[in-house]
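Q: Mind looking over this structure? Questions follow.
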Amino acid sequence: MKKLHRKAFATAAAVALGAGVAGVATTPATASATGPESTFLVLAPQGGTVDRAVARVAAADGRVLADYRQIGVLVVRSANPDFVVDVAGAGVESVASTAGLGSVLNEGDTVELTEAELAEAVGDPTGEPLFGQQWDMPMIDVPRAHAVTTGSADVVVGVLDSGISSSHPDLTTQIARDQSASCIGGVADTTEAAWNPTTSDHGTHVAGTIAAALNGVGVAGVAPGVRVAAVKVVDNEGYIYPEAAVCGFMWAAEHGMRLTNNSYYIDPWELNCRNDARQRPVWQAVQRAIRYSQGKGVLTVASAGNSNYDLAHKFTDSGSPNNGTPEVREINGACLVLPAQAPGVVTVAAVGPTGQKSYYSSYGQGVVDVTAPGGDSRIRTQGRTSTTVDAILSTTFNTVTRTNGWGWKQGTSMSGPHATGVAALALSAHPGMTAGQLSAFLERTAVSQPCPAGVYDPVPLLPSTADYTATCQGGARNGFYGAGMVNAYNVVK
Ligand SMILES: [Ca+2]
């Protein structure tokens, strides 16, 4: 039912800097050389002024689209093929084109409810008609938590994702419209159409898990009393570019959000980040933005990823580059998965309905902080057939028919929002917590789960060459489950 393997960088890598060369050849000698416009991140020295960088951008035929001077980062467009060279100098610490550096959203497929099931989704005014199919909610003690609180409307969660359907009957009352924006291109656009979904309903599904309404329709979210803000960072081709992620973190920080959910990653592993001078400033900019948002009291929750990787250890990446012969490269500690491995970020692994690690969930001692339900459509059948109902049921938006609905998805993209929802309940009950205190509280209240003994092989009969074996390391806190399963009741009782 899904494509849980991480996709390699697709065709965006072909949009290279050299594309401007043809433009140079046909440009009259009197004008400055121009080519197709590209987006650049220009970094001023940290803590310094951006004024000199702004001046250098103008002199190098660049145009500042967004000025994040709080973190010394400018988002710039320029058609000057020599922009990187021309802008360099005093006041500019580093510069990089972000062309080709978009990561593909690992979306997974949606299995929508049937017509008959949909009819039942609106049939019960006294309760959430689909709640009985939400096995994930009792697993983290949501019913007991809701007897205490469903969350405070003062808590706004930024959903950095592919947008949220603002017409969805289970979400329309839950969206903080005045705090929602699209960050595609690195510049915030607050029009409602801009932050609604276009080609992906991933963000709509994530938002429903966090805060779908208690309204007698469809499903319930973990924290239906809080509000979600759409912060769209996934473009129509399914890419998350660094400038969009920087914009998203800054938007959340400057618009009163206390939490962001990040069910994606800006993944440098498809390239060799250790030796890639162009990539380094991009990751620096993203990390500056995350750090800044933390300083503003925003807790960042991120998914661990769906590649069954041990994030705590070196491994080789045989998938890149995608435009030539694959090479095997050693990945080292200089390469971080962002945002999951940035300091202060709560990183969430996934379990299925048995409570065991989902076959796809990445893991790693010291990297995974907590776990939560993300679904596992194969474990109970040992891979022989897929069981949709072992995935996560939430709100959906059919991007072809442009209609709202409910359906199943699985992935750490689905486990992350459970942890975010629990964090939102915790903040509702304890509004004075800092981001660091909240992170520690989430871990302290999680229910510890031991490592399985030996080599974990969740799907030995899977008719595939894929290897889903994994080895869990650690004790009460370990690489598969971190501090344990998040618990909604423990944070509000
Ligand atoms: Ca509902």
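The values are calculated or read from the model by the stated rules, or taken from the named source; none is laboratory data. Please read these numbers as outputs of a predicted model, since none were measured by experiment. A quick note on method: Cβ atoms are made from the backbone with ideal geometry, for glycine too, and the neighbour counts reach across all protein chains shown. Protein only, heavy atoms only, side chains kept; ligands, DNA and RNA dropped before computing areas. Shrake-Rupley method; radii C 1.70, N 1.55, O 1.52, S 1.80 Å.
Q: Tell me which residues come under 5 Å, amide H to amide H, from T403 once H is placed; ignore anything under 5 positions away on its chain.
A: N398
Q: While we're on this one: In angstroms, what radius of gyration and Dmax does segment 337-493 have, counting Cα atoms only?
A: My reading of the Cα-based Rg and Dmax gives 16.4, 51 Å.
Q: In terms of Cα to Cα distance under 16 Å, which aspartates and glutamates are near enough to K493, apart from those fewer than 8 places away along the same chain?
A: Within the straight-line cut-off, K493 pairs with D141, E443.
Q: Let me ask something additional. Return an integer: the convex hull volume of the alpha-carbon atoms of segment 365-408, in Å³ per residue. Don't skip to the answer; put the middle values down first.
A: Values: hull volume 5.5 nm³, N = 44.
It is 125 Å³ per residue.
Q: For the ranges 411-419, 389-397, what's the packing order if you count other beta-carbon atoms within 10 Å of each residue, average per peptide, and put the highest first? Please list the in-between numbers first.
A: Working: 411-419: 30.7, 389-397: 26.6.
Top of the packing list down: 411-419, 389-397.
Q: Taking 25 Å as R0, compute the FRET efficiency from the Cβ-Cβ separation of D67 and A440 and round it to 0.05. Can you show the working numbers first?
A: On the way: r = 34 Å, r/R0 = 1.37.
Once the sixth-power term is evaluated, E becomes 0.15.
Q: Also: Stretched out fully, how many nm does the piece from A453 to V85 gain, at 0.36 nm a residue minus the Cα gap?
A: Details: separation 368, 0.36 × 368 = 132.48 nm, distance 5.49 nm.
Computed gain between A453 and V85 is 127.0 nm.
Q: Among the DSSP beta bridges whose two residues both lie in the chain, what percent are antiparallel, rounded to the nearest 5? The partial results should precede the final answer.
A: Details: 39 of 65 bridges.
Rounded to the nearest five, the antiparallel share is 60 percent.
Q: Just to be sure I understand the model, the point goes 7 Å from the Cα along the line to the Cβ. What's the resulting R380 to A193 distance in nm?
A: Once both label points are built, they end up 4.4 nm from each other.
Q: Here's another thing I want to ask about it. Cα axis of helix 202-211 to longest principal axis of the chain: angle in degrees, 0 to 90, nearest 10?
A: Taking Cα atoms only, the helix is inclined about 50 degrees.
Q: Further question: Roughly speaking, what is the centre-to-centre gap between segment 88-155 and segment 41-76 when only Cα atoms are used, to the nearest Å?
A: Using only Cα atoms to place each centre, the spacing works out to 35 Å.
Q: Further question: Over all directions, how big on average is the projection of the convex hull of the alpha-carbon atoms in the chain, in square nanometres?
A: Values: hull surface 92.0 nm².
That works out to 23.0 nm².
Q: Can you pull the one-decimal nm distance between simple spin-label points at E93 and V122, each 7 Å off the Cα toward Cβ?
A: Simple spin-label model gives 5.3 nm for this pair.
Q: Shifting gears a bit: List the residues, sorted by chain then number, that are 5 or more residues from S307 or on another chain and whose placed amide H is less than 5 Å from its amide H.
A: S362
Q: Using alpha-carbon pairs under 8 Å, 6+ residues apart, how would you state the relative contact order of the chain in percent? Before the final figure, lay out the partial values.
A: Details: 1301 pairs, mean separation 80.1, N = 493.
Dividing the mean separation by the residue count of the chain yields 16 percent.
Q: Along Cα→Cβ, 7 Å out, is where each label goes; now give me the distance between the ones at H313 and T354 in nm to one decimal.
A: A separation of 2.2 nm, rounded to one decimal place.
Q: Among 207-214, 146-153, 350-357, how do they line up from the highest to the lowest mean number of other beta-carbon atoms within 10 Å? Before the final figure, lay out each step's value.
A: On the way: 207-214: 28.9, 146-153: 17.4, 350-357: 22.4.
Per-residue Cβ counts within 10 Å, averaged per peptide and sorted highest first, yield 207-214, 350-357, 146-153.
Q: Moving on to the next point. Counting only heavy atoms of the protein chains, get the accessible area per residue of the chain (1.4 Å probe) and round it to a whole Å² value. Intermediate values should be presented prior to the final figure.
A: Working: 17720 Å² over 493 residues.
Solvent-accessible surface per residue comes out at 36 Å².
Q: What FRET efficiency do you get for D154 and N398 if R0 is 51 Å and r is their Cβ-Cβ distance, rounded to the nearest 0.05? Don't jump to the answer; show the numbers that get you there.
A: Values: r = 33 Å, r/R0 = 0.64.
For D154 and N398, the calculated efficiency is 0.95.
Q: Expressed in nm to one decimal, what extension gain is obtained for the pair T172 and A59 from 0.36 nm per residue of sequence separation less their Cα-Cα distance? Walk me through the numbers on the way to the answer.
A: On the way: separation 113, 0.36 × 113 = 40.68 nm, distance 4.63 nm.
So the chain would gain 36.1 nm between T172 and A59.
Q: Let me ask something else about it. Please work out how much length the chain gains when fully extended from E37 to A277, using 0.36 nm per residue of separation minus the C-alpha to C-alpha distance, in nm with one decimal.
A: Numbers: separation 240, 0.36 × 240 = 86.40 nm, distance 2.09 nm.
Length difference between fully extended and current span is 84.3 nm.
Q: Ignoring any ligand, DNA or RNA, what whole percent of the accessible area of the chain comes from carbon and sulfur when the probe is 1.4 angstrom? The partial results should precede the final answer.
A: Numbers: 9520 of 17720 Å².
That share works out to 54 percent.
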